[in-house]
There are 2 protein chains.
Amino acid sequence: MSPSARSYQQVVTKLLRHSAFPQLRKIIDKTLPADISPVLPLLLDEDRKRILTLLIEAGKAARVLLEMPDAELRDLLQEIDDPTLAAICGSSASDDAADLLDALGEERRHMVLELLAPAHGAKLESLLAGEEETAGSLMNTEFLALDEELTVAKAIEAIRQYPRKDSFFYVYAIDSEGHLVGVLSLRSLILAGPNLKLTSIMVQNVVRTTVDAEREEVAHIVSKYDLLSVPVVDLQNRLVGVVTVDDVLDVIQEQAEEDLLHLAGVDTSERVSTSAGESFRGRFPWLAVNLLTAFLASWVVRMFQGTIEKWAALAVFMPIVAGMGGNAGTQTLTVFVRGLALGEVDFKGGLRPIWKELLVGFGNGVANGTLTVLIVGLWTSEWLMAFILFFAMIFNLIIAGVAGGLVPLILKELDFDPAISSSIFVTTFTDVGGFFSFLGLATLALRYWHP
Amino acid sequence: MSPSARSYQQVVTKLLRHSAFPQLRKIIDKTLPADISPVLPLLLDEDRKRILTLLIEAGKAARVLLEMPDAELRDLLQEIDDPTLAAICGSSASDDAADLLDALGEERRHMVLELLAPAHGAKLESLLAGEEETAGSLMNTEFLALDEELTVAKAIEAIRQYPRKDSFFYVYAIDSEGHLVGVLSLRSLILAGPNLKLTSIMVQNVVRTTVDAEREEVAHIVSKYDLLSVPVVDLQNRLVGVVTVDDVLDVIQEQAEEDLLHLAGVDTSERVSTSAGESFRGRFPWLAVNLLTAFLASWVVRMFQGTIEKWAALAVFMPIVAGMGGNAGTQTLTVFVRGLALGEVDFKGGLRPIWKELLVGFGNGVANGTLTVLIVGLWTSEWLMAFILFFAMIFNLIIAGVAGGLVPLILKELDFDPAISSSIFVTTFTDVGGFFSFLGLATLALRYWHP
């Protein structure tokens, strides 16, 4: 618990004891949601109810709740009754309200939606029904859209009247049928003469996204054009929502984290603080699948058990073959998974990069193979073994490069997440290919030389 | 090459042929930097010079250039003469100008700085000298700071006069000594009565960062509080710059990517499109270090070569031991590297999580060990081998958990990047520990049973 949350809680509790609500409201107005949320779990039930009421009045309740870690939020939501939850949703931005409803079980969500004004409830329901992972699930349906024929003075009047509590920075211009036709910054409105029409000062070339665009695509647009928000239009180019940069920031962070954790076979919800039981359940399936594929490698080695019986030193160098193949494969794999995420490579354009990986694999095979010859030769004087390792290394690193590139490309083409299962396939290829080439070459060698 | 860049280039070239500069300027004003930059490499030298002049006039030149991939930018910068570069820097936001100067060699940078107005050159030099990786290197030194005693009407007048070309969204209030005392959104200025003083409407509780704060910390603040920009103050709390959310987006993206690539032993500059030679040079050192550590595993196996000579089936199951240890270690490692990056764990608070990893390792050891016993027993009927694998698996997955957590914690405490070298150390621990326990148990077993 951070010391600031603790002292903040003491202030809040003291003010509550004295029923000093105006002062409390002032503090709430001045404090950012991320700083209020750690205090909620510290409060007594009664106190929390009062604070929630004040947060609803301030229009901050959903934001504050959504700043909490998922597990804590779930616990807290069970303590809050349905009418309060409905009031929270009614007082908040629609994307936040939808996120909060999403955190409830299906049954409770339904009951809370029933308590909301029908129009508002329907809007939230359509947001919730919107395909997960699309711009529609990310957008806010409150935005200021003004008729393009308005004058600047009228537009500023409309901004004054607009009840939205959080800040916004762009005003969108629409035609009489609701089509998005322009965008204006508040600054351009301040600068313009009051009698000009919006059409004459707005930027017409508005970067936009459609409601069914993938979240990653929205993030890509916002990041590419350095936008603070991007308008979302339906298929008829009618403005239906706005995605803001803070939501995009979350998507980008989640996405890069997802790739990192998926590549390692860890659940995306896992944190250092996850309980041992949960971690076990999250990690076991991946390890079990790896165990099964590792038996494929064992099966290959078993084919050569006779060779190993004659030449036990082969077992000594098996870890080199497996380790180098795995590492080289992971290097290529990671570059391709990242390239796929950033849209820098696809299946059709994959031939050239795969050819390049083959070259890099060959180069690294020769370079590391040479090192291996020197080390093994000087260490054990088994020069035959050293040269078998040399050729096995080249072969294995070529497999690593080609499989490391092809596997994610193919998985992506088949609509699987390449980050999730690529490494299992690639290590299987390098293990099987590596042991096969190493022990196969050794078996051939034994026919002609007798060490 | 995207078709849109190609057709854009045709339009631009045609307008240049007809010297239709006003039309060109209009197009440039309407087009976003990220869409202009792919066109530059397609133009003839002469044409590019004219377009650059227009971009300088529009204040967009540095932004457009910085949207180019690093390698292309370096090539293009060699084609542009020093006075043009100075004009570009002079017409651009200071953070962009500094980034551009950063891309030049030291000698050329010096020559370009000489050509700039002394005050401007000195400011850019101080930005360049600012410690890499801090808020100081990320911030923009152009911002609108107004005296807190001004009235709203005067403030709006000041905004009208402010020459900055790109948009901004907050106005900062300072006292007579330049200390940051408040922040106002443009919207709050529009809403307020013209005769109110800024002090009465500004938000006093400004989230800020210091000039020497790490980039990651700045990103964390912006993301935590959903800010569009964060003011940067010096140690005396004087406002010296502003970091905007688009720069933070880049930091977050780079940082997560860095961890991902570092964990795999790949250079952060590597892309799918990197040339074979460059990829080879970038990846070889990591593979060579891995090769050396793999020999440690070989050395352990060699200690037990006599046992393997008597019982060659041991070699068949060595890949299982190594593979499972490596995978379990990578799982833990990734969770800890991510936790360190997000500030969720540190060396002092690491004891509990390590204890948890030990438990998870034990659990996964028992679970996967049981699977292994069944598979090996039913497949080969070598039940003694199966039970040796069972205990070796438990031992190895405990090592994987403890090393996977401890190694990144220790590396971070010693001020190394835990993402870079953790996996080498962890795999060495799991390989050495795994083979030692597996072959050691087998050697003991051979003393009492004779398979």
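Do we have any residue at all in the range A:285-300 that's in contact with a Phe, Trp or Tyr (Cβ under 7 Å, 6 or more places away or on another chain), at the interface with chain B (Cβ under 8 Å from one of its Cβ atoms), free of Cβ contacts under 8 Å to residues at least 12 places away in the same chain and assigned to a helix (DSSP H, G or I)?
Yes, the range A:285-300 contains at least one residue that is in contact with a Phe, Trp or Tyr (Cβ under 7 Å, 6 or more places away or on another chain), at the interface with chain B (Cβ under 8 Å from one of its Cβ atoms), free of Cβ contacts under 8 Å to residues at least 12 places away in the same chain and assigned to a helix (DSSP H, G or I).
Examine the range B:418-433 for a residue that is at the interface with chain A (Cβ under 10 Å from one of its Cβ atoms), over 22 Å from residue A:274 (Cα atoms) and free of Cβ contacts under 8 Å to residues at least 60 places away in the same chain, and state whether such a residue exists. Write out each step before concluding.
Let us first name the residues in the range B:418-433 that are at the interface with chain A (Cβ under 10 Å from one of its Cβ atoms), namely B:419, B:423-424, B:427-428, B:431-432.
Next cut, over 22 Å from residue A:274 (Cα atoms) only: B:424, B:427-428, B:431-432.
Now narrow it down to the ones that are free of Cβ contacts under 8 Å to residues at least 60 places away in the same chain: none.
No; the residues of the range B:418-433 include none that is at the interface with chain A (Cβ under 10 Å from one of its Cβ atoms), over 22 Å from residue A:274 (Cα atoms) and free of Cβ contacts under 8 Å to residues at least 60 places away in the same chain.
Given (1) at the interface with chain A (Cβ under 7 Å from one of its Cβ atoms); (2) assigned to a helix (DSSP H, G or I); (3) farther than 20 Å from residue A:270 by Cα, identify the lone condition not met by residue B:331.
So residue B:331 meets the others, but not (3).
Could you go through the range A:396-403 and let me know if any residue there is part of a helix (DSSP H, G or I), in the same structural domain as residue A:349 (by TED's automatic domain parsing) and over 17 Å from residue B:283 (Cα atoms). Can you show your working first?
Of the residues in the range A:396-403, the ones part of a helix (DSSP H, G or I) are A:396-403.
After this cut, where a residue has to be in the same structural domain as residue A:349 (by TED's automatic domain parsing) as well, the list is A:396-403.
The next check asks that each one be over 17 Å from residue B:283 (Cα atoms); those that pass are none.
Checked the range A:396-403: no residue is part of a helix (DSSP H, G or I), in the same structural domain as residue A:349 (by TED's automatic domain parsing) and over 17 Å from residue B:283 (Cα atoms).
Evaluate the following for residue A:336: is it under 29 Å from the mean Cα position of the chain (by Cα), modelled with pLDDT under 90 and aromatic (Phe, Trp, Tyr)?
No.
If I ask for residues that are under 21 Å from residue B:148 (Cα atoms), away from chain A (no Cβ under 14 Å), surrounded by 20 or more Cβ atoms within 10 Å (Cβ to Cβ) and of a type outside the set (Val, Ile, Thr), which ones from the range B:208-253 would you list?
Result: B:231, B:239, B:241.
Considering every residue within the range A:301-321, establish whether at least one is within 24 Å of residue B:405 (Cβ to Cβ) and within 7 Å of another protein chain (Cβ to nearest Cβ). Break it down stepwise before answering.
To start, the set of residues in the range A:301-321 that are within 24 Å of residue B:405 (Cβ to Cβ) comprises A:319.
Of the ones still in play, those that are also within 7 Å of another protein chain (Cβ to nearest Cβ) are A:319.
There is at least one residue in the range A:301-321 that is within 24 Å of residue B:405 (Cβ to Cβ) and within 7 Å of another protein chain (Cβ to nearest Cβ).
Suppose we keep only residues that are within 8 Å of chain A (Cβ to nearest Cβ) and in a loop (DSSP other than H, G, I, E, B) within the range B:343-358. Which one would you say is modelled with the lowest pLDDT?
Checked the range B:343-358; the qualifying residue modelled with the lowest pLDDT is B:344.
Pick from the range B:1-44 the residues that are surrounded by fewer than 11 Cβ atoms within 10 Å (Cβ to Cβ) and hydrophobic (A, V, I, L, M, F, W, C): which of them is farthest from residue A:207 (Cα to Cα)?
It comes out as B:44.
Within 26 Å of the chain's Cα centre (by Cα) and of a type outside the set (Val, Ile, Thr) - does that describe any residue in the range B:289-306? Please lay out each step first, then the result.
Within the range B:289-306, the subset within 26 Å of the chain's Cα centre (by Cα) is B:289-290.
So of that shortlist, the ones also of a type outside the set (Val, Ile, Thr) come out as B:290.
Scanning the range B:289-306 turns up at least one residue that is within 26 Å of the chain's Cα centre (by Cα) and of a type outside the set (Val, Ile, Thr).
In this structure, does residue A:303 turn out to be out of contact with any helix residue (DSSP H, G or I) (no Cβ under 7 Å at 6 or more places or on another chain), surrounded by 16 or more Cβ atoms within 10 Å (Cβ to Cβ), over 18 Å from residue A:140 (Cβ atoms) and not charged (D, E, K, R)?
Here the answer is no, as residue A:303 does not meet what is asked.
Taking the condition crowded, with 20+ Cβ neighbours inside 10 Å and at pLDDT 85 or above, does residue A:65 pass?
yes
For residue B:113, state whether it is in a helix (DSSP H, G or I), free of Cβ contacts under 8 Å to residues at least 40 places away in the same chain and within 22 Å of residue B:142 (Cβ to Cβ). Spell out how you get there, then give the answer.
Working: in a helix (DSSP H, G or I): yes; free of Cβ contacts under 8 Å to residues at least 40 places away in the same chain: yes; within 22 Å of residue B:142 (Cβ to Cβ): yes.
Taking the combined requirement at face value, the residue satisfies it.
So, in the range B:85-110, exactly how many residues are outside any loop (DSSP other than H, G, I, E, B), small (Gly, Ala, Ser) and either under 28 Å from the mean Cα position of the chain (by Cα) or not assigned by TED's automatic domain parsing to the domain that holds residue B:48 (or both)?
Kept after step one, since they are outside any loop (DSSP other than H, G, I, E, B), are these residues of the range B:85-110: B:85-90, B:94-103, B:106-110.
Going one step further and asking which of them are small (Gly, Ala, Ser), we end up with B:86-87, B:90, B:94, B:97-98, B:103.
Okay, now just the ones that are also either under 28 Å from the mean Cα position of the chain (by Cα) or not assigned by TED's automatic domain parsing to the domain that holds residue B:48 (or both), so B:94, B:97-98, B:103.
Number satisfying all stated conditions: 4.
Kindly indicate which of B:282, B:277 is surrounded by 19 or more Cβ atoms within 10 Å (Cβ to Cβ), within 42 Å of the chain's Cα centre (by Cα), more than 7 Å from chain A (Cβ to nearest Cβ) and assigned to a helix (DSSP H, G or I). Break it down stepwise before answering.
Details: B:277 fails: surrounded by 19 or more Cβ atoms within 10 Å (Cβ to Cβ).
Step by step, each of B:282, B:277 is checked, and only B:282 is surrounded by 19 or more Cβ atoms within 10 Å (Cβ to Cβ), within 42 Å of the chain's Cα centre (by Cα), more than 7 Å from chain A (Cβ to nearest Cβ) and assigned to a helix (DSSP H, G or I).
Tell me whether the range A:58-69 contains one or more residues that are in contact with a Leu (Cβ under 7 Å, 6 or more places away or on another chain) and more than 14 Å from chain B (Cβ to nearest Cβ).
Yes: the range A:58-69 contains one or more residues that are in contact with a Leu (Cβ under 7 Å, 6 or more places away or on another chain) and more than 14 Å from chain B (Cβ to nearest Cβ).
Between a residue in the range B:255-268 that is closer than 17 Å to residue B:424 by Cα and any residue that is surrounded by fewer than 22 Cβ atoms within 10 Å (Cβ to Cβ) and of a type in the set (S, T, N, Q), which pairs come within a Cβ distance under 6 Å, given they are 6 or more apart or on different chains?
Close Cβ pairs (under 6 Å, with a partner that is surrounded by fewer than 22 Cβ atoms within 10 Å (Cβ to Cβ) and of a type in the set (S, T, N, Q)) amount to B:258/B:268; B:261/B:268.
Is it fair to say residue A:375 is without any contact (Cβ under 8 Å) to a residue 12 or more places away in the chain, in a helix (DSSP H, G or I) and aliphatic (A, V, I, L, M)? Steps first, please.
Working: without any contact (Cβ under 8 Å) to a residue 12 or more places away in the chain: yes; in a helix (DSSP H, G or I): yes; aliphatic (A, V, I, L, M): yes.
In short, yes.
Given the options B:52, B:32, name the one that is among the aliphatic types (A, V, I, L, M), closer than 20 Å to residue A:227 by Cβ and in the same structural domain as residue B:100 (by TED's automatic domain parsing). Even if it seems obvious, please write down each step before you answer.
Numbers: B:52 fails: closer than 20 Å to residue A:227 by Cβ.
None of the others qualify; the one that does is B:32.
Would you be able to tell me the number of residues in the range B:379-424 that are under 19 Å from residue B:341 (Cβ atoms), charged (D, E, K, R) and crowded, with 17+ Cβ neighbours inside 10 Å?
1
The values are calculated or read from the model by the stated rules, or taken from the named source; none is laboratory data. Because the structure is predicted, anything quoted here is derived from the model rather than measured. Virtual Cβ from ideal backbone geometry, glycine too; neighbours counted across all protein chains shown.
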